[in-house]
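Read the structure below first, then the notes.
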Amino acid sequence: MRPNPGEVLHFSEDPSITVFHPHVAATARQREAYVWAVDADQAPSYWFPRQCPRAMAWVTADTSDEDRRVVLGAGRERRVHAIEYAWAERFLTARLYAYRLPAADFAPFGGAEPHAWVATRTVTPLGPPEPVTDLLALHQEADIQLRFVNDLWEFWGAVTAAGLGFSGIRLHNAAPPSGPVSDPAPAP
């Protein structure tokens with residue numbers, strides 16, 4: 001599930017949204033009110049139940065072969081997503097919806113390497129929400145390795161210490177670490 005040209009997506013478990021109003025998210029680091037959306041590159045980061053904590057890593061131009069092998073393994077994948085086993089059932093049974101929104105209403109957010117798109121005024125979807133089914137199959141089709149782990153913080157520590165691109169979403173919902181964690185980097 002990716003946006004078409006001229007679109008961005010908003011993923012939700014609520015299929016009844018008819019209009020998106022700018023708001024300050026509860027987890028926001030900024031005070032401005034926005035409507036949030038993602039482009040094709042960032043869409044896979046949202047193929048999860050909304051509250052599911054997840055850590056993601058991907059190969060960049062600066063990633064060494066060793067870091068790639070240590071974090072991603074010997075396969076051909078260039079990206080990995082990890083969630084806790086405790087979220088496996090919820091992930092496999094989630095009912096997720098994608099809202100297609102006009103990209104012209106949005107601006108990139110996140111500096112030199114935007115991780116989202118934002119609008120500062122009310123946005124109406126281009127049509128009804130589309131069910132996003134089989135999140136496992138989406139990962140497989142996109143050639144994204146999906147890992148279920150006992151301790152998300154252990155994985156996060158390894159990812160943030162390696163020379164990979166990374167992102168963490170809803171990490172505050174993760175179970176406490178099972179052992180010492182080496183000063184993990186904050187989620188971008």
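One table, with the values for the structure above:
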read-out: Ranked Ile169, Ile83, Ile17, criterion: other C-beta atoms within 10 Å, fewest first; value: Ile17, Ile169, Ile83
read-out: Whole-Å distance, taken between Cα centres, linking the range 147-164 and the range 1-24; value: 29 Å
read-out: Computed lengthening from Thr120 to Ala137, 0.36 nm per intervening residue step minus Cα-Cα distance; value: 2.7 nm
read-out: Sorted by Cβ density within 10 Å, fewest first, the residues Arg31, Arg68, Arg50; value: Arg31, Arg50, Arg68
read-out: Surrounding net charge for Val123, when Lys and Arg each add one and Asp and Glu each subtract one, Cβ distance under 13 Å; value: 0
read-out: Spin-label model distance (nm) - Glu32 vs Asn150, 7 Å beyond Cα toward Cβ; value: 4.4 nm
read-out: Label point at Arg90 placed 7 Å out along Cα→Cβ; residues across the range 14-53 whose backbone nitrogen lies under 20 Å; value: 14-16, 25-28, 44-53
read-out: For the range 1-80: span of alpha carbons on each principal axis (Å, largest first); value: 46, 29, 22
read-out: Gain in span if fully extended, Gln51 to Ala161, counting 0.36 nm per residue against the direct Cα distance; value: 37.1 nm
read-out: For His23, His10, order by how many other beta-carbon atoms lie within 10 Å, fewest first; value: His23, His10
read-out: Cα-based helix-to-principal-axis angle, 152-161 vs the chain, degrees rounded to 10; value: 80 degrees
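Each value in this text was obtained by applying a stated rule to the coordinates, not by laboratory testing. Note that this is a predicted model, so its numbers are computed, not measured. Please note: Cβ atoms are built from the backbone with ideal geometry, for glycine as well, and neighbour counts cover all protein chains shown.
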